[in-house]
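This report refers to the structure that appears directly beneath it.
The values are calculated or read from the model by the stated rules, or taken from the named source; none is laboratory data. Not measured: the values here are computed from a predicted model. Heads up, the Cβs are rebuilt from the backbone with ideal geometry, glycines too, and the neighbour counts pull from every protein chain shown. These accessible areas exclude ligands, DNA and RNA; they are computed on the full protein's heavy atoms, side chains included. Shrake-Rupley method; radii C 1.70, N 1.55, O 1.52, S 1.80 Å.
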Amino acid sequence: LIYDSEDVITTTYNIGDMITGLKGYTEEVNGVLRLVPFVDSGVIASTGNSITVQVVTISELNNDPDTYESTLVKLENVSFVDADGTATFSNGTNYDLTDGSFTIPMRTEFYGVFTGEVIPSGTIDVTGVSGEYNGTAQVYARTVSDFSLSTNSFELSNFNLIPNPTNTGFVTIKSNQMGAVQAQVFDLLGKEVVNTVVNNERLDVSNLNAGVYVVKLTQNKNTTTKKLIIQ
């Protein structure tokens, strides 16, 4: 990781550039080793180089963030917990990604890149630079193009949980697809607290305490997730 808060580097680098001759000092901040340049010394030796992306799971990153630190990784079939179709990104903010069992924060570390962009809904693949904050794994997406539709994603244009938030002891699952829905509910620690098949659109959550949950819904071999708030 090159950390250039003083704007020492004025040369424009592009993804795929191979750089040589960088000069600076190293420091470790919040568990991440980084290079702080003191002169604009880098020379672009070649361009258009391919970058190998490691496909990893949230569990793998959480269990061993040091191994993947500052490498380019890809998380497949994940969803943003805060996505509701209208919520937008802010600078320097953590947004939880979930695969239905585990969560990891994606931080908008690169200021100005995501400001005002709508948080993608549904199941997607996320590419980003792996990092950490004092031992807690994080992922830093580089641009909005790092979000792509998952091969397992599908559009549920009329999908919703009603009411949400709820204090009625149940929610109604609305979908534009036909067929039973497998509903799994997880708390924010990743513990499964409900696992049931819903045939009548009504999901019973009366046994759950007030709080925020992740609902994983599977229908016709397709999966998506939604945030549920119980009051």
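Of note:
- Residue pairs meeting the criteria (Cβ under 6 Å; at least 6 apart or on separate chains; first touching a residue at least 24 places away in the same chain (Cβ under 8 Å), in the range 40-62; second open to solvent by 70 Å² or more (accessible area, probe 1.4 Å) and of a type in the set (S, T, Y)): D40/T10; V43/T20; A45/T20
- Of the candidates V126, V118, V144, the single residue that is crowded, with 20+ Cβ neighbours inside 10 Å and in contact (Cβ under 8 Å) with a residue 24 or more places away in the chain is V126.
- Residue match in the range 81-92 (condition: buried (at least 17 other Cβ atoms within 10 Å of the Cβ), of a type outside the set (S, T, Y) and under 15 Å from V144 (Cα atoms)): yes
- Residue list for the range 173-212, restricted to those being of a type in the set (S, T, N, Q) and modelled with pLDDT under 90: S175, N176, Q177, Q182, Q184, N199, N200
- Failed item, numbered, when S50 is tested on (1) of a type in the set (G, A, S); (2) farther than 30 Å from V78 by Cα; (3) open to solvent by 80 Å² or more (accessible area, probe 1.4 Å): (2)
- Selection status of S41, within 23 Å of Y3 (Cα to Cα), of a type in the set (S, T, N, Q) and modelled with pLDDT of 95 or more: yes
- Of the candidates G131, G135, the single residue that is modelled with pLDDT of 85 or more, crowded, with 20+ Cβ neighbours inside 10 Å and farther than 17 Å from V81 by Cα is G131.
- Yes/no for Y111 being without any contact (Cβ under 8 Å) to a residue 40 or more places away in the chain, within 12 Å of Y140 (Cβ to Cβ) and open to solvent by 50 Å² or more (accessible area, probe 1.4 Å): yes
- Those residues of the range 93-122 which are closer than 21 Å to D187 by Cα and at pLDDT below 85, in sequence order: S121, G122
- Out of E27, E60, one residue alone is open to solvent by 50 Å² or more (accessible area, probe 1.4 Å) and either assigned to a loop (DSSP other than H, G, I, E, B) or out of contact with any strand residue (DSSP E or B) (no Cβ under 7 Å at 6 or more places or on another chain) (or both). It is E60.
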